[in-house]
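Written out below as structure tokens is the structure these notes cover.
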């Protein structure tokens, strides 16, 4: 029986969407004009929060970072000569940033929850972030401007001084809330379903719906999950393009890679929001919790994607090239020294003026120095990019015994005292790494598309005078692993040929996660982390084996 007209029409529609997406230029996504506001662009404010003894007791009962149940209290807020009463307040933050009430807690203020219609400078909700993990207090400010100027919505941020019942908590980062005014500003409507990707939850879970007037049964997420399960890879992109704003998703991911956002959606399935835009019917991914950026200026630009949407999209033919093109384009817009310096100088000028009023010169100098350290790391990371290509993941074929020889390798390094060579020795192909400086690091890497299951990566290696060093806790000496995982101590000193093995799993089968999108990308790594020495890997022995069928 031949397919009916409806099936032909659906196929043609998917094909048209895929071709349109593949041929569109990255510049076709235009950033909407950023609304300038006194809250984010004017003088830095002091936020005075007042609570009664009984309301303080409620906040002191907060259990900690690993619960979504956060006790709420009522407070009065003063800032910029204005007063707001009956403001709902609760402690916020995850494992790294959560602090108890009597410390320097991160706080969420909801101005309209109790007093309907009340807003603060046009915002129903604001976050006061303690920025424990961001000494320079600039990550949120800069990253939000980068995303917004690239067409990816996210709340803006500024600085602020916070006082609670007269106790000065110091300099905080004030960030706009994920509220209905935000959604109306960026999408023209707040009626779409708005999902909170809570701590390390991916779309294979029914995410918490924070607001929305759409379907209440997660049908929109079910449609996304269905598209990710499409086994015909040529059809999968077309189906995804009907459900996800793919163009925005490319920009979203490109910035996360460039700014080394290891804790964002693409790499860690964390710190994100999703909005079902009612004007397009497509899901828009947006970044959140950007306070751990630029940590390693020389970390690679081909990280492993653990977010199932990122892994699925960029595992499709031609999509990794689209990602690289967008990364390179961003170096002409937001990922360059001119843009970064502009954001820093505006923030610095406003901070200096605010500290003059506060008369806290020691704190000012400490913060300004930390800001410069952050800017130095950003400059180093920008210099290390130089248009580096995102290594395209490729499928791998296993023989009847479940083994496959891995042949395509690229290099990655941290520091300048690293040399690589790919040579023939006694008829064998040898991948060599030599380091000659404190804390040096070099690796050979191969990015593969792998079905969910258990695998073993093995090779032969020998070392010459390796003096181990590991300031990062990722494993000293020479060894093998996959990106995102750690290993134990490796080979040190001088060793003749030895077999190294590393077992790992690809999500889908493990941890109860469903198989979404078929293959996942995994980066095999053969590395040397040392102050000095040489390692040689026998490339002909670099084999990946299935431990068991997925």
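Checked against the criterion of being in contact with a strand residue (DSSP E or B) (Cβ under 7 Å, 6 or more places away or on another chain), within 22 Å of residue 126 (Cβ to Cβ) and in contact (Cβ under 8 Å) with a residue 12 or more places away in the chain, region 249-261 has no qualifying residue. You will find that of 293, 283, 316, the residue that is in a loop (DSSP other than H, G, I, E, B) and either over 16 Å from the mean Cα position of the chain (by Cα) or without any contact (Cβ under 8 Å) to a residue 60 or more places away in the chain (or both) is 316 and no other.
Region 60-145 holds strands (runs of 3 or more DSSP E) entirely within its bounds, and those carrying 1 or more residues that are closer than 23 Å to residue 200 by Cβ map to 82-92, 106-110, 125-129. Per the conditions (1) under 30 Å from residue 171 (Cβ atoms); (2) over 31 Å from the mean Cα position of the chain (by Cα); (3) modelled with pLDDT of 85 or more; (4) surrounded by fewer than 19 Cβ atoms within 10 Å (Cβ to Cβ), the sole criterion not satisfied by residue 400 is (1).
Taking the stated definitions as given, is residue 367 in a helix (DSSP H, G or I), in contact with a strand residue (DSSP E or B) (Cβ under 7 Å, 6 or more places away or on another chain) and modelled with pLDDT of 85 or more? In short, yes. Just one of the numbered conditions (1) part of a strand (DSSP E or B); (2) more than 22 Å from residue 499 (Cβ to Cβ) is not true of residue 422: (2). Restricting attention to region 215-247 and to residues that are outside any helix (DSSP H, G or I) and touching a helix residue (DSSP H, G or I) at 6+ places or on another chain (Cβ under 7 Å), the residue that is surrounded by the fewest Cβ atoms within 10 Å (Cβ to Cβ) turns out to be 230.
The condition (being under 30 Å from residue 231 (Cα atoms) and in a helix (DSSP H, G or I)) is satisfied by just one residue among 383, 321: 321. Tell me, which residue of region 445-470 that is within 25 Å of the chain's Cα centre (by Cα) and in a strand (DSSP E or B) is surrounded by the most Cβ atoms within 10 Å (Cβ to Cβ)? Step by step, filter region 445-470, then rank; the result is 450. Entry remark, region 71-89: residues being touching a helix residue (DSSP H, G or I) at 6+ places or on another chain (Cβ under 6 Å) and without any contact (Cβ under 8 Å) to a residue 40 or more places away in the chain number 2 in total. Just checking, does region 331-339 include any residue being crowded, with 22+ Cβ neighbours inside 10 Å and part of a loop (DSSP other than H, G, I, E, B)? Yes, the conditions are met somewhere in region 331-339.
Among the criteria (1) under 23 Å from residue 148 (Cβ atoms); (2) not in a loop (DSSP other than H, G, I, E, B), the one residue 356 does not fulfil is (1).
The values are calculated or read from the model by the stated rules, or taken from the named source; none is laboratory data. Being a predicted model, the structure only gives us computed values, none of them experimental. Every residue, glycine among them, receives a Cβ derived from its backbone with ideal geometry; neighbour counts consider all protein chains shown.
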